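Below is one structure; the comments refer to it alone.
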Amino acid sequence: MKKNKNEKEKKPFIKTKTKLDGGVEVELQKSPSNTLIGKIFAIAIAFVTLFGGIFALIYLLTQI
């Protein structure tokens, strides 16, 4: 069976392996910037960093 060029193999985001000593190893398969939740977290961190300082400054100036 031949696959189309547009079809990509979907890898799971998290891959778990069992070590010989019984421990579990967790491996991330994709970069967080390539996933939806990673993009949401990046935008949220940027928003809080940018506007958090501005809101804190306004709050402190109104308290004087």
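The values are calculated or read from the model by the stated rules, or taken from the named source; none is laboratory data. Remember, it's a predicted structure, so these values are computed and weren't measured experimentally. Cβ placement follows ideal geometry from the backbone for every residue including glycine, while neighbour counts extend to all protein chains displayed.
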> For the range 35-49, what are the residues that are part of a helix (DSSP H, G or I) and surrounded by 10 or more Cβ atoms within 10 Å (Cβ to Cβ)?
Replying inline: 38, 39, 40, 41, 42, 43, 44, 45, 46, 47, 48
> In the range 1-20, which residues are among the β-branched types (Val, Ile, Thr) and at pLDDT below 80?
Replying inline: 14
>> So residue 23 ticks every box in (1) modelled with pLDDT of 85 or more; (2) surrounded by 10 or more Cβ atoms within 10 Å (Cβ to Cβ) but one. Which box is left unticked?
In response: (2)
